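The numbers here are math on the coordinates, done by the rules we state, and not lab data. All figures in this text were calculated on a predicted structure; none of them were measured in a lab. Here the Cβ positions follow ideal geometry from the backbone for every residue, glycine too, while neighbour counts run over all protein chains shown.
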Amino acid sequence: MINSYLRTLVVFIVLGITMSLNSYAYNFSFSQVSRPDSLKAKAKVSTKITDTRLNKPADPKANVKLSFTPFKPSKEKLLVQNKIMSGPKNPLPGDKILANVKVYPNPVSDYLNMTYSISKDSNVTIRIMDVLGNEITTLFSERQSIGEHSNTFSISSRISSGFYFIRVSVGSEIITKRISVL
């Protein structure tokens with residue numbers, strides 16, 4: 001019984017090999033026939049770029065003049081940028097209010113230090129979120145003035161060890177930083 005199965009299997013393998021060899025020979029002979037044509041077609045292909053426009057200039061080597069204006073930054077924009085860098089009293093509408101948020105040390109064991117800068121008087125809220133986005137605790141929620149601010153929070157009694165996110169929100173802006181608590 002096993003011998004008959006093996007014989008059938010061998011027959012199918014041999015037929016499969018011969019059929020694939022026949023198709024390979026057919027493809028090989030077909031590619032041999034079409035190959036000289038493809039070589040002739042490749043010989044006609046030129047790597048030279050030609051201009052096929054109807055109204056092209058008569059002499060391509062004629063003196064071509066280009067007129068363009070070089071980039072010159074506006075002095076007004078430079079002055080505005082310098083004001084932004086120095087810390088404006090009234091930020092422009094498109095400017096960010098919250099910047100330079102830093103959380104250290106990371107990983108945290110007992111105390112968490114934060115620094116950030118705000119460009120206008122705003123309400124600042126600092127929250128700790130778990131990995132699912134649930135609020136664990138609010139560390140800080142007050143109105144602060146323009147400038148650099150730094151805060152230190154004791155977190156050893158508030159949360160257990162694991163991964164958390166610190167969410168700093170000022171107005172409609174939110175910056176999130178990941179922390180690891182030991």
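Structure above, values below:
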item	result
Rule-of-thumb Rg ratio for the stretch 96-181 [Cα; 2.2 N^0.38 Å; N residues]	1.03
Ranked list, fewest to most other Cβ atoms within 10 Å of each Cβ, for S119, S160, S141	S160, S141, S119
Ascending count of other beta-carbon atoms within 10 Å, so fewest first, for T138, T125, T52	T52, T138, T125
Sorted by Cβ neighbour density within 10 Å, fewest at the top, the residues F163, F140	F163, F140
Simple spin-label estimate for L54 and M129 in nanometres, 7 Å along Cα-Cβ	6.0 nm
Extension reserve of the D110-R7 stretch, reckoned as 0.36 nm per residue once the Cα distance is removed	29.5 nm
